[in-house]
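Everything on this sheet refers to the single structure shown next.
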Amino acid sequence: MLAHRSILVYIYMKPLSTRTSGFTDSIIRRMTRISNQYGAINLSQGFPDFDPPKEITNRLAEIAPHGPHQYAITWGAQNFREALAKKQRHFTGLDIDANKNIVVTCGSTEAMMATMMTIVNPGDKVAIFSPFYENYTADTILTGAEPIYIPLVPPTFEFDANLLEDAFRKGAKAMVLCNPSNPCGKVFTREELQTIADIIIKYDGYVITDEVYEHIVYAPHQHVYISTLPGMWERTVSCSSLSKTYSITGWRLGYVIAPENIIDRVKKVHDFLTVGAAAPLMEAATIGLSFQDSYYHELQAHYTHMKQLFCDGLRQFGLDFTDPQGAYYVLLDVTKYGVKNDLHFCEWLAEHVGVGAVPGSCFFREDVHHLIRFHFAKRDDTLKAALDRLSELEQKAKTYKG
Ligand code: GLN
(Lines give C-alpha, C1' and ligand atoms only; values in the text may rest on other atoms or scores of the structure.)
Protein backbone atom coordinates (compact mmCIF):
# COMPACT_ATOMS: atom_id res chain seq x y z
CA MET A 1 0.00 0.00 0.00
CA LEU A 2 2.75 2.38 1.04
CA ALA A 3 4.83 1.40 -2.00
CA HIS A 4 1.84 2.18 -4.27
CA ARG A 5 1.45 5.61 -2.76
CA SER A 6 5.15 6.36 -3.33
CA ILE A 7 4.94 5.40 -7.01
CA LEU A 8 2.03 7.81 -7.50
CA VAL A 9 3.97 10.58 -5.82
CA TYR A 10 6.91 9.95 -8.18
CA ILE A 11 4.66 10.25 -11.23
CA TYR A 12 3.50 13.72 -10.20
CA MET A 13 6.90 15.00 -9.07
CA LYS A 14 9.05 17.19 -11.33
CA PRO A 15 11.34 15.09 -13.57
CA LEU A 16 15.01 14.70 -12.72
CA SER A 17 17.67 16.65 -14.63
CA THR A 18 17.38 16.61 -18.43
CA ARG A 19 21.17 16.78 -18.75
CA THR A 20 21.57 13.32 -17.22
CA SER A 21 18.37 11.73 -18.53
CA GLY A 22 20.15 10.00 -21.43
CA PHE A 23 22.87 8.51 -19.21
CA THR A 24 23.34 4.76 -18.93
CA ASP A 25 25.68 3.37 -16.30
CA SER A 26 29.28 2.92 -17.51
CA ILE A 27 29.33 -0.21 -19.69
CA ILE A 28 32.98 -0.81 -18.74
CA ARG A 29 32.15 -0.96 -15.05
CA ARG A 30 28.90 -2.87 -15.73
CA MET A 31 30.99 -5.59 -17.40
CA THR A 32 32.98 -6.02 -14.18
CA ARG A 33 29.72 -6.69 -12.31
CA ILE A 34 28.60 -9.13 -15.03
CA SER A 35 31.99 -10.90 -14.96
CA ASN A 36 31.70 -11.28 -11.18
CA GLN A 37 28.14 -12.58 -11.50
CA TYR A 38 29.28 -15.44 -13.79
CA GLY A 39 32.67 -16.04 -12.14
CA ALA A 40 34.34 -15.03 -15.43
CA ILE A 41 38.01 -14.02 -15.66
CA ASN A 42 37.59 -10.28 -15.84
CA LEU A 43 39.46 -8.82 -18.80
CA SER A 44 36.87 -6.02 -19.15
CA GLN A 45 37.49 -3.04 -16.84
CA GLY A 46 41.22 -2.32 -17.05
CA PHE A 47 42.93 -2.91 -13.71
CA PRO A 48 45.78 -5.21 -12.62
CA ASP A 49 45.46 -8.32 -10.46
CA PHE A 50 49.11 -8.11 -9.38
CA ASP A 51 50.39 -6.20 -6.35
CA PRO A 52 51.57 -2.59 -6.31
CA PRO A 53 55.30 -2.04 -5.55
CA LYS A 54 56.21 -3.28 -2.04
CA GLU A 55 57.74 0.08 -1.10
CA ILE A 56 54.30 1.70 -1.47
CA THR A 57 52.31 -0.94 0.43
CA ASN A 58 54.96 -1.15 3.19
CA ARG A 59 54.78 2.61 3.58
CA LEU A 60 50.99 2.40 3.87
CA ALA A 61 51.35 -0.15 6.70
CA GLU A 62 53.97 2.04 8.38
CA ILE A 63 51.81 5.16 8.47
CA ALA A 64 48.55 3.39 9.45
CA PRO A 65 48.92 3.90 13.23
CA HIS A 66 49.73 7.60 13.12
CA GLY A 67 48.35 8.97 9.87
CA PRO A 68 47.92 11.46 8.30
CA HIS A 69 44.24 10.61 8.81
CA GLN A 70 42.71 14.09 8.41
CA TYR A 71 42.28 16.32 5.37
CA ALA A 72 45.36 17.32 3.47
CA ILE A 73 45.53 20.76 1.81
CA THR A 74 42.67 20.72 -0.69
CA TRP A 75 44.88 20.72 -3.82
CA GLY A 76 47.13 17.96 -2.47
CA ALA A 77 49.70 17.32 0.27
CA GLN A 78 52.84 19.44 -0.13
CA ASN A 79 55.32 16.51 -0.16
CA PHE A 80 53.21 14.62 -2.72
CA ARG A 81 53.05 17.63 -5.04
CA GLU A 82 56.77 18.26 -4.68
CA ALA A 83 57.62 14.64 -5.54
CA LEU A 84 55.18 14.73 -8.48
CA ALA A 85 56.56 18.03 -9.79
CA LYS A 86 60.09 16.58 -9.67
CA LYS A 87 59.05 13.40 -11.51
CA GLN A 88 57.14 15.25 -14.22
CA ARG A 89 59.98 17.79 -14.64
CA HIS A 90 62.23 14.80 -15.24
CA PHE A 91 59.98 13.19 -17.86
CA THR A 92 58.77 16.33 -19.65
CA GLY A 93 61.65 18.78 -19.24
CA LEU A 94 59.01 21.41 -18.33
CA ASP A 95 59.48 23.78 -15.41
CA ILE A 96 56.60 22.40 -13.31
CA ASP A 97 56.13 24.09 -9.93
CA ALA A 98 54.59 22.10 -7.07
CA ASN A 99 52.66 25.12 -5.78
CA LYS A 100 51.64 26.80 -9.00
CA ASN A 101 51.03 24.02 -11.52
CA ILE A 102 49.47 21.00 -9.77
CA VAL A 103 46.12 19.94 -8.32
CA VAL A 104 45.86 16.41 -6.89
CA THR A 105 42.43 14.88 -7.56
CA CYS A 106 40.36 11.75 -6.86
CA GLY A 107 41.63 9.83 -9.88
CA SER A 108 42.06 11.13 -13.38
CA THR A 109 38.27 10.90 -13.62
CA GLU A 110 37.92 13.89 -11.31
CA ALA A 111 40.91 15.58 -12.94
CA MET A 112 39.11 15.59 -16.30
CA MET A 113 35.74 16.63 -14.87
CA ALA A 114 37.28 19.52 -12.91
CA THR A 115 39.23 20.55 -16.02
CA MET A 116 36.17 20.42 -18.25
CA MET A 117 34.23 22.60 -15.80
CA THR A 118 37.17 25.00 -15.62
CA ILE A 119 37.47 25.49 -19.38
CA VAL A 120 34.10 24.87 -20.98
CA ASN A 121 30.81 26.79 -20.79
CA PRO A 122 27.34 25.32 -21.33
CA GLY A 123 26.68 25.41 -25.08
CA ASP A 124 30.38 25.16 -26.02
CA LYS A 125 31.65 22.37 -28.26
CA VAL A 126 34.37 19.86 -27.39
CA ALA A 127 36.20 17.76 -30.01
CA ILE A 128 36.73 14.10 -29.10
CA PHE A 129 38.47 11.39 -31.12
CA SER A 130 36.39 8.24 -31.66
CA PRO A 131 36.96 5.55 -30.37
CA PHE A 132 37.13 7.21 -26.95
CA TYR A 133 36.98 6.37 -23.27
CA GLU A 134 33.33 6.61 -22.09
CA ASN A 135 33.83 9.36 -19.52
CA TYR A 136 34.76 12.07 -22.06
CA THR A 137 31.23 12.23 -23.42
CA ALA A 138 29.75 12.16 -19.92
CA ASP A 139 32.11 14.96 -18.75
CA THR A 140 31.18 17.08 -21.77
CA ILE A 141 27.45 16.58 -21.22
CA LEU A 142 27.67 17.19 -17.46
CA THR A 143 29.30 20.52 -18.29
CA GLY A 144 26.38 21.34 -20.58
CA ALA A 145 28.63 21.28 -23.66
CA GLU A 146 28.29 19.33 -26.90
CA PRO A 147 30.75 16.72 -28.16
CA ILE A 148 31.94 16.68 -31.80
CA TYR A 149 33.55 13.37 -32.77
CA ILE A 150 36.50 12.93 -35.13
CA PRO A 151 37.15 9.35 -36.27
CA LEU A 152 40.43 7.56 -35.66
CA VAL A 153 40.19 5.21 -38.60
CA PRO A 154 41.11 1.53 -38.09
CA PRO A 155 43.37 -0.34 -38.58
CA THR A 156 46.04 2.39 -38.11
CA PHE A 157 43.71 4.77 -36.25
CA GLU A 158 44.95 7.77 -38.20
CA PHE A 159 42.83 10.92 -38.25
CA ASP A 160 41.94 13.39 -40.96
CA ALA A 161 43.37 16.78 -39.89
CA ASN A 162 40.70 18.53 -41.99
CA LEU A 163 37.94 16.98 -39.88
CA LEU A 164 39.67 18.10 -36.70
CA GLU A 165 40.10 21.60 -38.11
CA ASP A 166 36.45 21.55 -39.14
CA ALA A 167 35.43 20.95 -35.53
CA PHE A 168 37.34 24.08 -34.50
CA ARG A 169 35.98 26.00 -37.49
CA LYS A 170 32.53 25.10 -36.16
CA GLY A 171 33.50 26.64 -32.83
CA ALA A 172 35.02 23.86 -30.71
CA LYS A 173 36.71 25.46 -27.72
CA ALA A 174 38.70 22.44 -26.56
CA MET A 175 39.58 18.89 -27.47
CA VAL A 176 40.24 15.75 -25.48
CA LEU A 177 43.43 13.87 -26.33
CA CYS A 178 43.90 10.40 -24.88
CA ASN A 179 47.52 9.45 -25.53
CA PRO A 180 48.42 6.56 -25.39
CA SER A 181 44.86 5.77 -26.37
CA ASN A 182 42.25 3.68 -24.66
CA PRO A 183 40.82 1.51 -26.28
CA CYS A 184 42.73 1.45 -29.60
CA GLY A 185 46.32 1.47 -28.27
CA LYS A 186 47.43 4.31 -30.55
CA VAL A 187 50.49 6.31 -29.53
CA PHE A 188 50.40 9.65 -31.34
CA THR A 189 53.62 10.50 -33.18
CA ARG A 190 55.36 13.84 -32.70
CA GLU A 191 54.22 14.80 -36.24
CA GLU A 192 50.57 14.01 -35.45
CA LEU A 193 50.80 16.00 -32.22
CA GLN A 194 52.32 18.91 -34.15
CA THR A 195 49.36 18.80 -36.56
CA ILE A 196 46.99 18.95 -33.58
CA ALA A 197 49.03 21.74 -31.96
CA ASP A 198 48.95 23.84 -35.16
CA ILE A 199 45.14 23.63 -35.22
CA ILE A 200 44.80 24.40 -31.51
CA ILE A 201 47.04 27.46 -31.79
CA LYS A 202 45.37 28.68 -35.01
CA TYR A 203 41.89 28.52 -33.45
CA ASP A 204 42.90 29.62 -29.94
CA GLY A 205 41.74 26.34 -28.39
CA TYR A 206 42.68 24.14 -25.44
CA VAL A 207 43.81 20.51 -25.21
CA ILE A 208 42.65 18.42 -22.26
CA THR A 209 44.83 15.32 -22.11
CA ASP A 210 44.28 11.91 -20.60
CA GLU A 211 47.79 10.51 -20.21
CA VAL A 212 47.19 7.78 -17.65
CA TYR A 213 49.12 5.28 -19.83
CA GLU A 214 52.13 7.63 -20.25
CA HIS A 215 54.51 4.94 -18.93
CA ILE A 216 52.93 1.97 -20.77
CA VAL A 217 54.35 2.23 -24.30
CA TYR A 218 55.83 -0.54 -26.45
CA ALA A 219 59.13 -0.13 -28.33
CA PRO A 220 59.85 1.48 -30.73
CA HIS A 221 56.95 3.82 -29.90
CA GLN A 222 57.55 6.71 -27.51
CA HIS A 223 55.24 8.91 -25.53
CA VAL A 224 55.48 12.59 -26.38
CA TYR A 225 53.70 15.03 -24.05
CA ILE A 226 51.78 17.50 -26.23
CA SER A 227 52.37 20.14 -23.53
CA THR A 228 56.08 20.11 -24.52
CA LEU A 229 55.47 21.26 -28.11
CA PRO A 230 56.22 24.94 -28.84
CA GLY A 231 53.33 27.17 -27.77
CA MET A 232 51.39 24.29 -26.19
CA TRP A 233 52.20 24.57 -22.47
CA GLU A 234 49.87 27.58 -22.25
CA ARG A 235 47.03 25.70 -23.98
CA THR A 236 47.32 22.23 -22.46
CA VAL A 237 45.72 20.89 -19.31
CA SER A 238 47.40 17.55 -18.61
CA CYS A 239 45.39 14.98 -16.67
CA SER A 240 46.90 11.76 -15.45
CA SER A 241 47.05 9.49 -12.43
CA LEU A 242 49.06 7.04 -10.38
CA SER A 243 46.53 4.24 -11.02
CA LYS A 244 48.21 2.53 -13.95
CA THR A 245 51.83 3.55 -13.31
CA TYR A 246 51.92 2.09 -9.78
CA SER A 247 49.08 -0.47 -10.07
CA ILE A 248 46.88 1.31 -7.51
CA THR A 249 43.63 1.95 -9.42
CA GLY A 250 41.57 1.71 -6.21
CA TRP A 251 43.51 4.48 -4.49
CA ARG A 252 41.98 7.11 -6.78
CA LEU A 253 45.03 9.37 -6.98
CA GLY A 254 45.00 11.58 -10.05
CA TYR A 255 46.23 15.04 -10.90
CA VAL A 256 45.99 18.04 -13.18
CA ILE A 257 49.10 19.86 -14.41
CA ALA A 258 48.69 23.21 -16.16
CA PRO A 259 49.83 26.84 -16.20
CA GLU A 260 49.15 28.85 -13.04
CA ASN A 261 46.16 30.82 -14.39
CA ILE A 262 44.31 27.58 -15.24
CA ILE A 263 45.38 25.75 -12.08
CA ASP A 264 44.08 28.62 -9.91
CA ARG A 265 40.61 27.91 -11.27
CA VAL A 266 40.93 24.10 -11.20
CA LYS A 267 41.85 24.39 -7.51
CA LYS A 268 38.51 26.05 -6.77
CA VAL A 269 36.42 23.64 -8.84
CA HIS A 270 38.20 20.67 -7.25
CA ASP A 271 37.79 22.13 -3.74
CA PHE A 272 34.00 22.25 -4.15
CA LEU A 273 33.74 18.95 -6.01
CA THR A 274 35.64 16.63 -3.69
CA VAL A 275 37.67 18.70 -1.15
CA GLY A 276 40.65 16.46 -1.71
CA ALA A 277 42.28 13.11 -2.39
CA ALA A 278 42.81 10.64 0.47
CA ALA A 279 45.58 11.96 2.76
CA PRO A 280 47.05 8.61 3.94
CA LEU A 281 47.15 7.32 0.36
CA MET A 282 48.96 10.43 -0.88
CA GLU A 283 51.49 9.98 1.93
CA ALA A 284 52.07 6.31 1.06
CA ALA A 285 52.26 6.89 -2.70
CA THR A 286 54.80 9.72 -2.43
CA ILE A 287 57.58 7.14 -2.24
CA GLY A 288 56.55 5.79 -5.67
CA LEU A 289 56.86 9.24 -7.24
CA SER A 290 60.52 9.20 -6.20
CA PHE A 291 61.41 5.88 -7.87
CA GLN A 292 64.43 5.83 -10.18
CA ASP A 293 64.19 5.38 -13.98
CA SER A 294 64.77 1.64 -13.56
CA TYR A 295 61.22 1.32 -12.14
CA TYR A 296 59.69 2.69 -15.33
CA HIS A 297 61.93 0.48 -17.49
CA GLU A 298 60.82 -2.59 -15.55
CA LEU A 299 57.18 -1.54 -15.84
CA GLN A 300 57.57 -1.30 -19.64
CA ALA A 301 59.29 -4.69 -19.75
CA HIS A 302 56.55 -6.25 -17.64
CA TYR A 303 53.78 -4.87 -19.87
CA THR A 304 55.67 -5.89 -23.02
CA HIS A 305 55.77 -9.42 -21.62
CA MET A 306 52.02 -9.46 -20.80
CA LYS A 307 51.17 -8.06 -24.24
CA GLN A 308 53.25 -10.73 -25.95
CA LEU A 309 51.81 -13.56 -23.87
CA PHE A 310 48.23 -12.49 -24.53
CA CYS A 311 48.61 -11.49 -28.19
CA ASP A 312 50.57 -14.66 -29.06
CA GLY A 313 47.72 -16.67 -27.52
CA LEU A 314 45.06 -14.83 -29.51
CA ARG A 315 47.13 -15.23 -32.69
CA GLN A 316 47.15 -19.02 -32.24
CA PHE A 317 43.35 -19.00 -32.43
CA GLY A 318 43.49 -17.19 -35.77
CA LEU A 319 41.59 -14.18 -34.43
CA ASP A 320 42.03 -10.63 -35.77
CA PHE A 321 42.84 -7.96 -33.22
CA THR A 322 44.64 -4.64 -32.80
CA ASP A 323 48.25 -4.92 -31.65
CA PRO A 324 48.61 -1.89 -29.34
CA GLN A 325 51.46 0.63 -29.46
CA GLY A 326 50.66 1.69 -25.90
CA ALA A 327 48.17 1.18 -23.01
CA TYR A 328 46.99 -2.39 -22.30
CA TYR A 329 44.00 -3.18 -24.48
CA VAL A 330 43.25 -5.16 -27.63
CA LEU A 331 40.18 -4.83 -29.81
CA LEU A 332 39.17 -8.25 -31.08
CA ASP A 333 37.15 -8.64 -34.28
CA VAL A 334 34.22 -11.00 -33.64
CA THR A 335 32.47 -10.55 -37.01
CA LYS A 336 32.77 -14.24 -37.82
CA TYR A 337 30.54 -15.22 -34.90
CA GLY A 338 27.60 -13.38 -36.45
CA VAL A 339 27.51 -10.73 -33.71
CA LYS A 340 24.70 -8.20 -34.16
CA ASN A 341 24.68 -6.86 -30.62
CA ASP A 342 28.14 -6.75 -29.05
CA LEU A 343 26.80 -6.15 -25.51
CA HIS A 344 24.73 -9.29 -25.81
CA PHE A 345 27.78 -11.15 -27.13
CA CYS A 346 29.93 -9.99 -24.17
CA GLU A 347 27.25 -11.16 -21.73
CA TRP A 348 27.17 -14.53 -23.53
CA LEU A 349 30.98 -14.68 -23.47
CA ALA A 350 31.12 -14.05 -19.70
CA GLU A 351 28.44 -16.68 -19.03
CA HIS A 352 29.43 -19.44 -21.49
CA VAL A 353 33.15 -18.97 -22.13
CA GLY A 354 33.98 -17.45 -18.73
CA VAL A 355 35.94 -14.39 -19.89
CA GLY A 356 34.82 -10.78 -19.37
CA ALA A 357 35.20 -8.24 -22.22
CA VAL A 358 33.82 -4.77 -22.99
CA PRO A 359 31.56 -4.33 -26.04
CA GLY A 360 33.38 -2.07 -28.52
CA SER A 361 30.26 -0.04 -29.34
CA CYS A 362 30.58 1.89 -26.07
CA PHE A 363 33.84 3.43 -27.35
CA PHE A 364 32.75 4.35 -30.88
CA ARG A 365 30.54 7.14 -32.15
CA GLU A 366 30.32 5.28 -35.45
CA ASP A 367 28.09 2.24 -35.84
CA VAL A 368 30.63 -0.40 -34.73
CA HIS A 369 29.32 -3.68 -33.32
CA HIS A 370 31.95 -6.21 -34.35
CA LEU A 371 34.72 -5.41 -31.86
CA ILE A 372 35.15 -6.36 -28.22
CA ARG A 373 37.88 -5.07 -25.88
CA PHE A 374 40.10 -7.21 -23.66
CA HIS A 375 42.81 -5.91 -21.35
CA PHE A 376 45.94 -7.81 -20.41
CA ALA A 377 47.07 -6.16 -17.14
CA LYS A 378 46.99 -9.51 -15.39
CA ARG A 379 49.32 -12.12 -13.87
CA ASP A 380 50.65 -14.80 -16.24
CA ASP A 381 48.47 -17.50 -14.67
CA THR A 382 45.35 -15.34 -15.10
CA LEU A 383 46.16 -14.62 -18.76
CA LYS A 384 46.92 -18.30 -19.43
CA ALA A 385 43.64 -19.37 -17.80
CA ALA A 386 41.76 -16.78 -19.91
CA LEU A 387 43.47 -18.01 -23.10
CA ASP A 388 42.63 -21.56 -22.13
CA ARG A 389 38.95 -20.63 -21.89
CA LEU A 390 39.11 -18.61 -25.13
CA SER A 391 40.53 -21.64 -26.94
CA GLU A 392 36.98 -23.03 -26.71
CA LEU A 393 35.41 -19.91 -28.17
CA GLU A 394 35.37 -21.17 -31.76
CA GLN A 395 33.54 -24.34 -30.75
CA LYS A 396 31.14 -22.70 -28.28
CA ALA A 397 30.35 -19.83 -30.66
CA LYS A 398 28.59 -22.38 -32.91
CA THR A 399 25.77 -22.32 -30.36
CA TYR A 400 25.74 -18.50 -30.14
CA LYS A 401 22.59 -16.91 -31.45
CA GLY A 402 23.28 -13.25 -32.15
N1 GLN B 1 40.44 2.96 -17.74
C2 GLN B 1 39.90 1.69 -17.37
C3 GLN B 1 39.15 1.05 -18.53
O4 GLN B 1 38.98 1.65 -19.54
C5 GLN B 1 38.95 1.76 -16.20
C6 GLN B 1 38.83 3.08 -15.57
C7 GLN B 1 37.66 3.15 -14.64
O8 GLN B 1 36.76 2.31 -14.65
N9 GLN B 1 37.70 4.19 -13.85
O10 GLN B 1 38.73 -0.06 -18.40
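The values are calculated or read from the model by the stated rules, or taken from the named source; none is laboratory data. Source: prediction; values computed, not measured. Virtual Cβ from ideal backbone geometry, glycine too; neighbours counted across all protein chains shown. These area figures cover heavy atoms from the full protein model, side chains too; ligands, DNA and RNA do not enter into them. Shrake-Rupley method; radii C 1.70, N 1.55, O 1.52, S 1.80 Å.
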Exercise. Looking at His66, Phe80, Phe47, which one has the Cα that reaches farthest to the positive end of the dipole of the range 1-129 (charges on Cβ: Lys, Arg +1; Asp, Glu -1)?
Worked result: Phe47
For this session: In whole Å, largest first, what are the principal axis extents of the Cα atoms in the range 220-306?
Result: 41, 38, 21
Seminar exercise, completed: With +1 at each Lys and Arg Cβ and -1 at each Asp and Glu Cβ, the charge dipole magnitude of the range 58-131 around its Cα centre, to the nearest 20 debye, comes out at 140
Exercise. Put Tyr10, Tyr206, Tyr136 in order of accessible area, largest first, 1.4 Å probe: what do you get?
Worked result: Tyr10, Tyr206, Tyr136
For this session: Take Ser243, Ser6 and sort them by solvent-accessible surface of the protein heavy atoms, 1.4 Å probe, largest at the top.
Result: Ser6, Ser243
For this session: Check the straight Cα-Cα distances from Lys401 and name the lysines below 21 Å, setting aside those fewer than 8 residues away within the same chain.
Result: Lys336, Lys340
Problem set entry | Rounded to the nearest 20 debye, dipole of the chain from Cβ charges on Lys, Arg, Asp, Glu | 960
Problem set entry | By average C-beta atoms within 10 angstrom, highest first, the peptides 217-227, 312-322 | 217-227, 312-322
Exercise. Among the lysines, which have Cα under 25 Å from the Cα of Lys173 when same-chain residues fewer than 8 positions away are ignored?
Worked result: Lys100, Lys125, Lys186, Lys202, Lys267, Lys268
Problem set entry | Relative contact order of the chain, pairs being alpha-carbon contacts under 8 Å that are 6 or more residues apart, as % | 24
Problem set entry | C-alpha center-to-center spacing [the range 235-288, the range 156-213] in angstrom | 23
Exercise. In square nanometres, what is one fourth of the surface area of the convex hull spanned by the alpha carbons of the range 177-282?
Worked result: 7.7
For this session: State the Kirkwood hydrodynamic radius of the range 244-295 in Å, one decimal place, computed from all pairs of distinct Cα atoms.
Result: 12.8
Seminar exercise, completed: Note to self: Kirkwood Rh of the chain, Cα pairs, one decimal, Å, is 22.3
Exercise. Along the charge dipole of the range 117-212, which of Val120, Phe157, Thr195 sits closest to the positive end, that is, farthest toward it, with unit charges on the beta carbon of Lys, Arg, Asp and Glu (+1, +1, -1, -1)?
Worked result: Val120
Problem set entry | Relative contact order [Cα under 8 Å, 6+ residues apart], the range 28-184, whole percent | 16
For this session: Any chance you could run the full-extension gain for Ile73 through Asp198? It's 0.36 nm times the residue separation minus the Cα-Cα distance, nm to one decimal.
Result: 41.3 nm
For this session: Determine how many Å³ per residue the convex hull of the Cα atoms of the range 10-128 encloses.
Result: 259
For this session: Using just the helices of the chain, give the 222 nm mean residue ellipticity in deg cm²/dmol: DSSP H runs with n ≥ 4 each add -39,500 (n - 2.57), and the total is spread over all residues, rounded to 500.
Result: -12500 deg cm²/dmol
